[in-house]
1. Return the sequence-ordered ³J(HN,Hα) values of region 69-74 in whole Hz as given by the Karplus equation 6.51 cos²θ - 1.76 cosθ + 1.60 applied to θ = phi - 60°, using x for Gly and Pro.
2. List the aspartates and glutamates whose Cα lies under 16 Å from the Cα of residue 350, skipping any in the same chain that are fewer than 8 positions away.
3. Applying 1/(1 + (r/R0)^6) with R0 = 22 Å to the Cβ-Cβ distance of residue 317 and residue 107, what FRET efficiency is obtained, to the nearest 0.05?
4. Would you list, by chain and number, the lysines whose Cα falls below 18 Å from the Cα of residue 143, excluding same-chain residues fewer than 8 positions away?
5. What ranking of 23, 352, 13 emerges when the number of other C-beta atoms within 10 Å of each C-beta is taken as an exposure proxy, fewest first?
6. Note down, for region 9-75, the three equivalent ellipsoid semi-axes (square root of 5 times each alpha carbon gyration tensor eigenvalue), biggest first, whole angstrom.
7. With a cut-off of 8 Å between alpha carbons and a minimum separation of six or more residues, what is the relative contact order of region 1-151 in percent?
8. What is the chain's relative contact order, in percent, from Cα pairs under 8 angstrom and six or more apart in sequence?
Amino acid sequence: MQSNLKFNWPTVLFLSICPFLGLVGTAVYVYFYGVFFIEPLLLILFWFISGMGITMGYHRLFSHKSFKTNIFIEWILMICGSVALQNTILKWCSDHRKHHNFPEMEKDPYSIKKGFWHAHIGWILEKTPEVNNRITGVKDLEKKSAVVFQNKYYFHIALVVGFLIPLLIGFYYGRPLGALLWGVFLRITLVHHATFFVNSLCHYVGTRTYDVYSTARDSWIVSLFTFGEGYHNYHHKFPADFRNGVRWFAFDPSKWLISILSLFKLTKDLKRTNEYFVMKSKCDAIYNTVKSSFGNTSSTSKQNFIDSFELINKLFIKWKDIDPTFCKKYSKDELDYIKKYKREINMLFKDLKNFKSKILKNQKIQSNTI
Ligand SMILES: [Zn+2]
Ligand SMILES: [Zn+2]
């Protein structure tokens with residue numbers, strides 16, 4: 001009897017029935033009635049709408065304020081996010097800000113320290129103590145008209161846009177059940193678990209390119225089905241940045257859409273971390289990884305590594321001397337110097353990476369022979 005109190009049973013029921021209908025229901029339907037081309041399109045369209053509502057809206061705009069936009073776009077993003085059925089903006093952002101402000105602590109709603117399952121979905125299914133469940137730290141959002149409206153009509157919006165519209169489309173082409181299975185249940189399942197994987201998988205597997213002390217990791221695979229949210233180590237290091245995939249080729253549709261909209265003045269004040277900090281954090285991450293693995297490394301390899309790291313740091317100091325505030329307008333000479341430093345840092349960074357591989361490989365060989 002006592003254990004029943006641990007779970008939110010309506011949520012457990014919904015989060016079990018929805019994937020069952022989405023996966024098994026759709027498979028059975030396809031087996032008996034085949035696929036009509038509109039159905040996968042419905043899935044893709046509504047997945048895109050709800051996924052972008054979460055990543056660009058709930059996450060990068062409302063939680064982190066990584067760019068500004070007008071009320072119209074705020075409303076669109078609010079409607080799209082509601083369709084994902086991941087709770088209201090206020091609750092989502094409150095939880096997410098706690099995740100960033102108190103990582104892996106008791107207040108972190110989806111702390112990976114409590115295990116993969118808890119970080120993935122357990123925290124939603126389990127009853128959270130009242131004190132941790134409170135909506136806090138979102139006063140800045142409470143006056144936004146889109147947020148106020150959503151707070152009153154969250155389920156109505158989700159029902160009309162996320163359920164009735166696909167159903168009506170289904171009636172229009174004569175297969176309402178097919179439209180519901182593809183466009184609602186399968187789509188919700190995918191968008192739910194994609195977001196859940198950012199909290200679980202991205203704190204579990206992948207690389208710690210920018211901060212080796214964070215449990216968050218970069219995974220380009222997860223970014224493929226989360227509209228770019230897989231670069232989670234970068235995101236935890238620089239949460240205010242409107243990009244998660246910072247390199248130009250990194251798959252991050254949310255970053256691209258925010259950038260494209262800025263060309264039409266629909267988004268503005270896009271927050272970008274200065275390249276100095278991005279490059280420095282990458283070098284520091286390598287140093288911190290290797291430093292704890294020096295062990296029996298030969299003194300020459302160790303010295304070569306330290307020498308390269310010191311040379312890089314000297315270049316960073318020169319770069320910072322040009323622009324201590326990181327927001328000035330550069331003269332042509334200053335720009336040339338910064339370009340030169342970047343080039344030299346990149347060359348030394350390659351050496352640093354090679355030393356790292358050699359030292360870590362050597363460590364592995366030694367530990368295997370012990
Ligand atoms: Zn995280
Ligand atoms: Zn975040």
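We did not get these values from a lab; they are worked out from the coordinates using the rules stated. Not measured: the values here are computed from a predicted model. All Cβ positions, even for glycine, are placed from backbone atoms using ideal geometry, and neighbour counts span all protein chains on display.
1. 8, 8, 4, 4, 5, 4
2. Result set, ordered by chain and number: 284, 307, 310.
3. Working: r = 37 Å, r/R0 = 1.69.
With R0 = 22 Å, the Cβ-Cβ based efficiency is 0.05.
4. Correct list for residue 143: 65, 68, 91, 152.
5. Lowest to highest Cβ neighbour count: 13, 23, 352.
6. Details: eigenvalues 207, 64, 11 Å².
They are 32, 18, 7 Å, listed largest first.
7. Numbers: 124 pairs, mean separation 38.5, N = 151.
Result for region 1-151 is 26 percent.
8. On the way: 481 pairs, mean separation 61.1, N = 370.
After rounding, I find 17 percent.
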